[in-house]
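Beneath this line is the structure, given in structure tokens, with notes to follow.
The values are calculated or read from the model by the stated rules, or taken from the named source; none is laboratory data. Bear in mind the structure is a predicted one, so any value in this text is a computation, not a measurement. Reconstructed Cβ throughout: ideal geometry from the backbone, glycine too, with neighbour counts over all protein chains shown.
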Amino acid sequence: MKKIRTKKNLEEYRKRIKKENSKFKKIVTICGGTGCHAYNCEQVKQKLRKELVKNGLLKKVALKVSGCHGFCENGPIVTIRPENIFYQRVSEKDVPEIMEKSILKNKIVEHLLYEDPVSRQKVTYLEEIPFYKSQKRLLLGKNGLIEPDKIEDYIVQGGYGALVKVLKLPAQKIIEIIKASGLRGRGGGGFPTGRKWEFCRNTEGEIKYVICNCDEGDPGAYMDRSLLEGNPHSVIEGMIIGAFAIGSNQGYIYVRHEYPLACRNAQIAIRQARKLGLLGKNILGSGFNFDIQIAKGGGAFVCGESTALIASLEGRMGEPRDKQHLHTTESGLWGKPTNINNVETWANVPLIINNGPEWFYQIGNENSKGTKIFSLVGKVQNTGLVEVPMGTTLREIIFEIGGGILNGKKFKAVQTGGPSGGCVPADSLDLPVDYEQLNAAGSMMGSGGMIVMDEDTCMVDVAKYFLNFLKEESCGKCLPCREGIKRMLEIVTDISEGRGKEDTLDLLEELSAVVTDTSLCGLGKTAANPVLSTLRYFRDEYENHIKEKKCPAGVCVPLLRYEILADCCKGCGACIKICPYNAISGKPKEIHIINQDICAKCGSCKTICKFNAVQLQ
Amino acid sequence: MIVFDTTLTIDGIKVNGKKGETILEVAKRYGINIPTLCFVENLPSYGACRLCVVEISKGKNPPILSASCTYDIQEGLVVNTKSERVVKARKILAELLVASAPNVKIAQDIAARCGVKEVRFKMEDNRCVLCGICVRMCHEQMGGEALGFVGRGIERKIQMPFNKRPKECLLCRGCEFVCPAMEIPCQGVKIPGELCGRCLRMDEMPYCCTLGSFGCSCDHNPLASSSK
Amino acid sequence: METTAINPSAKLRIDTERRRSVNCILKNYKDSKSNLISILQDIQEKFSYLPTETLEEVAKKLNLKLIDVYGVATFYKSLRLSPQGKHNITLCLGTACHVRASAKILDEIQSQLGIGPGSTTENRELTFNTVNCLGVCAIGPVVVIDGKYYGRMTPIKTREMLSKYLKKKNFSNKATEKR
């Protein structure tokens, strides 16, 4: 393959691929995201390939494995273009039918279509599904069209066009464009990206670095992974543009080791870009040199913090540095000016260059521009990745796109921002989602996890969960974070196990304030947020645990007591069979009894009982 | 002669300092007392214990708490070392410290000085307060680089690799010398009627750490049986 | 694996072999110090854990102090200093899985295998781990057995699946003894 040296080269290349692609009459795309992988998309693909071979269609129908489509709830997903038919929950045995009806003829396989749970209507096309209809998929939209390990697919979609544009501009002009677009860091802090770039550019120094932060440690968030996995070139293009503007020649993509597919796809993408001359020496004949290396994280949440990430990149323990007031744009990797941005931020850059800053500026609301990807998970109907303009309300996201709560339960709260964020209660559902509003509500944007909780979720337990997470993830360097989180967890555990006292909540609040105030890095400074926000909105639940020794949601095990209602029990024996602890006794057709001394409160009996005889007291 | 080029305010007093100095250093020079644990003169500051937090106002930004041992002075900073917020934070930090290591003398001293009267957390019995002074001493001053932090979070410990004395260890005992938590009687190998003489017989010492006194929980540590 | 029963010459042979493979891995990295984590991960992939002598070799070749390498090896969760079982079961305890009751699945797996998270069965066949998020939140709670993902698990489903799996692999375990 020849290297691309000029704009003309790139266009010729694009035309050539287009021509090659035009011989395909149909394109069948299977979603290859990790969610769909879990649903055996690989077998579906193998079967499809076999069927294509059998019908001699390999040269007429293209078979693609794309990145995540976002609608992971209903995987594996198969789409057929140009008609744009959207099949969901496809299994191996459905393949012959798809082949016969949709590929050989232009018919539709009814039972694989998405069914609107409200209207009970079948939906044929992707854009018409309510989950997708209300979204604005600027970043994720291309995931379905691109095979992540084929640079050709990205280039056909107009890829690297922004890079060509940029290389002719003076660096300051590029920074002005990014500043004018109003793009803010998507990793959670929301710092204006253009200004960060400017700081880094203006810091003196021969060597500068750009880093893409894909250490997505927030449990419950996976949008960065899906972007890097599904469309790695958009991130790489953004990084090249940023590096050109800042004056850097070396970039790093820092990926969690839990994301092997993202590592692999990014690695392949970098290799392909190098081959085409889009990375390396003298990019597109401009004289600008830039290369990217992948660095795998070792599994530490704290490495999402920029100085800890740098320590990790330098091959040390991921401890944040003590001089927190010194910004990484002044002194970062190896003491050189370093610009760290999140995956999503980088992926936005080519879009802004291509469409102009004004276009980007008018999406979103007053202070927050553009779109944001959220991973909508938990007790919600349509789990998956959701991309909406900033300022969309929580209600729209959870109820319109997410389809409401699972099993018709009542919505209780939504947790945003991961372990550093907080819970937003039901009466704030009309809150527009942007950086400032979420902060004011005691939570934060974070990288975009959105965990929906219903009436069966205990807020004390949620606080306990996050403290437990942070206790393990704290690096242990500073006293307030190491000892403080441990003590907060002790207190919350006491409450959840019925040992809380009247003044416990005061101590908890006092301690939370100090941990927030005095911790060394961002992890500790925000560690108390899950506690503070649940205390703010759900204080009555804490008090219930302390005063009445009851867990209203039925989660905190030591406060529970399962009993069999004599009126309802038919003596069927199902509960006796299922109980892993042999705690239930009773003769057939007679009322069964739970031995409270043995019962471990696992709740298996309640789940299995057909007569609703097992009740929580 | 030292050239002072930066002026800032600490507790209402205008003070002068030189670029690159930290707030703690300037405050010390002016006789303003800030409690510390992990700070030792002539070793690089580390910012782990956070006991030296002060309230810092910069321009119009709302005041923040930050450790004074790592904060470089800047022109026009307004620092408060005795505000209510600082005193309260310090007191809780001291309480956290003494709750984790109640039998360490320095932890008790700090708690008393910060006005801790009761400890509301469950008492533990750690011997090491993880101030890291020994690690810095070993690495920066002695050039031994034998000791280090191991593990993370609540599992964090100061250890030698694989709990064995590596060849880098010079047996200089600098670590023992600087340890603020080490006020314990001599634990050497004694022969009746003689002075312990362990300094002459270092080779007989348990090999996990120079003196088996580093809060490690191996069998050789005379303190280990009570901790953990 | 590393039992004391091995005679000294055999141990020496294993040592030299391990050191040699470490050197092979090191050749793949030019800017070595900053790739320490990746290097350790590669070594771990080969040996399923980080044997002592490999760390010593890495420290020697990269001109690092042993304590620095050891510190990194104990800091990161993906790195292990003790051998793993041949098969592994991983349970996701991410937030999304947690609100869908993954804690109950944890109890179930523990009682089935008789070991807690992070440990290996005595016969070195099975290792059970928990992770904080696998990033497949949409289909939680998730259990991964030997690299295969199982979504939407419930305690009952887990029990059935585990006993089937254990039977297939011919492991004796507490649960089969019980019933």
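Going through region C:23-54 one residue at a time, which ones are more than 16 Å from residue A:312 (Cβ to Cβ) and assigned to a loop (DSSP other than H, G, I, E, B)? Spell out the reasoning first.
We begin by selecting, within region C:23-54, every residue more than 16 Å from residue A:312 (Cβ to Cβ); these are C:23-28, C:30, C:42-54.
The answer is C:28, C:30, C:48, C:49, C:50, C:51.
Scan region C:124-149 residue by residue and report those that are closer than 28 Å to residue C:47 by Cα, more than 7 Å from chain A (Cβ to nearest Cβ) and not hydrophobic (A, V, I, L, M, F, W, C).
Answer for region C:124-149, where residues must be closer than 28 Å to residue C:47 by Cα, more than 7 Å from chain A (Cβ to nearest Cβ) and not hydrophobic (A, V, I, L, M, F, W, C): C:124, C:125, C:127, C:129, C:130, C:146, C:147, C:148.
If residue A:413 meets every condition in (1) within 21 Å of residue A:374 (Cα to Cα); (2) of a type in the set (A, V, I, L, M, F, W, C); (3) away from every other protein chain (no Cβ under 11 Å) apart from one, which number is that one?
(3)
Which of the residues belonging to region A:297-336 are charged (D, E, K, R), surrounded by fewer than 22 Cβ atoms within 10 Å (Cβ to Cβ) and within 12 Å of chain C (Cβ to nearest Cβ)?
A:314, A:316
If we keep just the residues of region A:555-609 that are at positive phi and within 11 Å of chain C (Cβ to nearest Cβ), which is farthest from the chain's Cα centre (by Cα)?
Among those residues, the one meeting the criterion is A:582.
Select from region A:189-219 the residues that are over 18 Å from residue A:243 (Cβ atoms) and either within 14 Å of another protein chain (Cβ to nearest Cβ) or buried (at least 24 other Cβ atoms within 10 Å of the Cβ) (or both) and list them in ascending order.
Step one: list which residues in region A:189-219 are over 18 Å from residue A:243 (Cβ atoms), which gives A:189-192, A:215-219.
Matches in region A:189-219: A:215, A:216, A:217, A:218, A:219.
Any residue in region B:115-127 that is assigned to a loop (DSSP other than H, G, I, E, B) and either among the aromatic types (Phe, Trp, Tyr) or within 26 Å of residue A:325 (Cα to Cα) (or both)?
Checked region B:115-127: at least one residue is assigned to a loop (DSSP other than H, G, I, E, B) and either among the aromatic types (Phe, Trp, Tyr) or within 26 Å of residue A:325 (Cα to Cα) (or both).
Filtering region A:452-466 down to residues that are part of a helix (DSSP H, G or I) and either surrounded by fewer than 24 Cβ atoms within 10 Å (Cβ to Cβ) or in contact with a His (Cβ under 9 Å, 6 or more places away or on another chain) (or both), which residue is farthest from the other protein chains (Cβ to nearest Cβ)?
Checked region A:452-466; the qualifying residue farthest from the other protein chains (Cβ to nearest Cβ) is A:460.
Take the residues in region B:138-154 that are over 18 Å from the mean Cα position of the chain (by Cα) and surrounded by fewer than 19 Cβ atoms within 10 Å (Cβ to Cβ); name whichever of them is nearest to residue C:51 (Cα to Cα).
That would be B:151.
Could you please find all residues in region B:68-85 being under 14 Å from residue B:10 (Cβ atoms), of a type in the set (Val, Ile, Thr) and in contact with a helix residue (DSSP H, G or I) (Cβ under 9 Å, 6 or more places away or on another chain)?
B:73, B:79, B:81
Considering only residues that are facing chain A (nearest Cβ under 9 Å) and either surrounded by fewer than 22 Cβ atoms within 10 Å (Cβ to Cβ) or of a type in the set (A, V, I, L, M, F, W, C) (or both), which ones fall in region B:59-72?
Within region B:59-72, B:64, B:65, B:67, B:69, B:72 meet the criteria.
Keeping to region A:429-442, report how many residues are of a type in the set (S, T, N, Q) and under 13 Å from residue A:533 (Cα atoms).
Number satisfying all stated conditions: 1.
Look through A:483, A:472, A:436, A:490 and report the one residue that is surrounded by 24 or more Cβ atoms within 10 Å (Cβ to Cβ) and in a helix (DSSP H, G or I). First the steps, then the outcome.
On the way: A:472 fails: surrounded by 24 or more Cβ atoms within 10 Å (Cβ to Cβ); A:436 fails: surrounded by 24 or more Cβ atoms within 10 Å (Cβ to Cβ); A:490 fails: surrounded by 24 or more Cβ atoms within 10 Å (Cβ to Cβ).
So the residue among A:483, A:472, A:436, A:490 that is surrounded by 24 or more Cβ atoms within 10 Å (Cβ to Cβ) and in a helix (DSSP H, G or I) is A:483.
Among the listed residues A:334, A:346, which satisfies the condition of being more than 21 Å from residue A:263 (Cα to Cα) and not in a strand (DSSP E or B)? Can you show your working first?
Values: A:346 fails: more than 21 Å from residue A:263 (Cα to Cα).
Exactly one residue qualifies, and that residue is A:334.
Out of all the residues in region B:67-107, which are over 25 Å from residue B:120 (Cα atoms), outside any loop (DSSP other than H, G, I, E, B) and under 22 Å from the mean Cα position of the chain (by Cα)?
B:72
Of all helices (runs of 4 or more DSSP H) completely enclosed by region A:224-320, which ones contain at least 2 residues that are touching a Ser or Thr at 6+ places or on another chain (Cβ under 8 Å) and modelled with pLDDT under 90? Outline the logic, then answer.
Details: elements: A:232-246, A:260-275, A:306-313.
Of the helices (runs of 4 or more DSSP H) lying wholly inside region A:224-320, those with at least 2 residues that are touching a Ser or Thr at 6+ places or on another chain (Cβ under 8 Å) and modelled with pLDDT under 90 span A:306-313.
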